[in-house]
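The values are calculated or read from the model by the stated rules, or taken from the named source; none is laboratory data. In this text the structure is predicted, and so the values were computed from the model without any measurement. Heads up, the Cβs are rebuilt from the backbone with ideal geometry, glycines too, and the neighbour counts pull from every protein chain shown. We work out accessible area using only protein heavy atoms, side chains counted, and drop any ligands, DNA or RNA first. Shrake-Rupley method; radii C 1.70, N 1.55, O 1.52, S 1.80 Å.
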Amino acid sequence: VWAPRAVSPLTDPLYGYRQVRPRRLRDWAVRLMRDLDREGPLRGVADRSVERNDVRVHPADYAAVAAAFTRYLRDEGRYQYTLRLRRQDQAIDPVEDFVFNTKEGHCERFAAALALMLRAVGVPAAYVVGYRGCDVEEGGPAGVYQ
């Protein structure tokens, strides 16, 4: 039987990734996971999760939860992709504003929302921005990453 261990900044290198704020977004992601569990895409995941004050997904279910949350953001028609970023409520976190109000944004808004949704249910996730190029070396493959 899997059970989460006590975590602290000293014992868990992912501790910071598990802290999800704003609370409204965390509570919403937990409810979404439970709804997806009842509706089928995540059938049984919530039952396998240990509940205390929050939900902690079993490591074997990380990929399934990530895929279900990705499909929810991408395929359900609730969110639209646009390069024009706008804010409806300047008083709240931009990701929270995206999830609850504007429901439109570019890849960074979708990625940040997904990362926070995953963290909310105990799936380690990081949001990274940028890219790293490569230099072509003579006689080598198309590119060698430095």
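Go through segment 50-70 and report how many residues are modelled with pLDDT of 90 or more and exposed (fewer than 13 other Cβ atoms within 10 Å of the Cβ).
Summing the residues that are modelled with pLDDT of 90 or more and exposed (fewer than 13 other Cβ atoms within 10 Å of the Cβ) in segment 50-70 gives 2.
One line per residue, one yes/no per condition, for (1) among the acidic types (Asp, Glu); (2) farther than 29 Å from Ala63 by Cβ; (3) assigned to a helix (DSSP H, G or I):
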{"residue": "Arg87", "(1), (2), (3)": "no, yes, no"}
{"residue": "Asp97", "(1), (2), (3)": "yes, no, yes"}
{"residue": "Glu108", "(1), (2), (3)": "yes, no, yes"}
{"residue": "Leu114", "(1), (2), (3)": "no, no, yes"}
{"residue": "Met117", "(1), (2), (3)": "no, no, yes"}
{"residue": "Val123", "(1), (2), (3)": "no, no, no"}
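Scan segment 73-112 for residues that are more than 17 Å from the chain's Cα centre (by Cα) and surrounded by 15 or more Cβ atoms within 10 Å (Cβ to Cβ) and jot them down.
Across segment 73-112, the qualifying residues are Ile92, Thr102.
Please go through (1) at pLDDT 65 or above; (2) buried (at least 18 other Cβ atoms within 10 Å of the Cβ); (3) among the basic types (Lys, Arg) for Arg18 and return the number of the only condition it doesn't satisfy.
(1)
Mind telling me which of the residues Leu42, Leu25, Leu10, Leu73 ends up being of a type outside the set (D, E, K, R), farther than 16 Å from Pro124 by Cβ and at pLDDT 90 or above?
Just a single option satisfies the conditions, and that option is Leu73.
Pairs please, first residue from segment 79-104 and among the acidic types (Asp, Glu), second anywhere and modelled with pLDDT of 90 or more and open to solvent by less than 40 Å² (accessible area, probe 1.4 Å), Cβ atoms under 6 Å, 6+ apart in sequence or on different chains.
Every condition considered, the pairs that remain are Asp89/Asp97; Glu104/Thr82.
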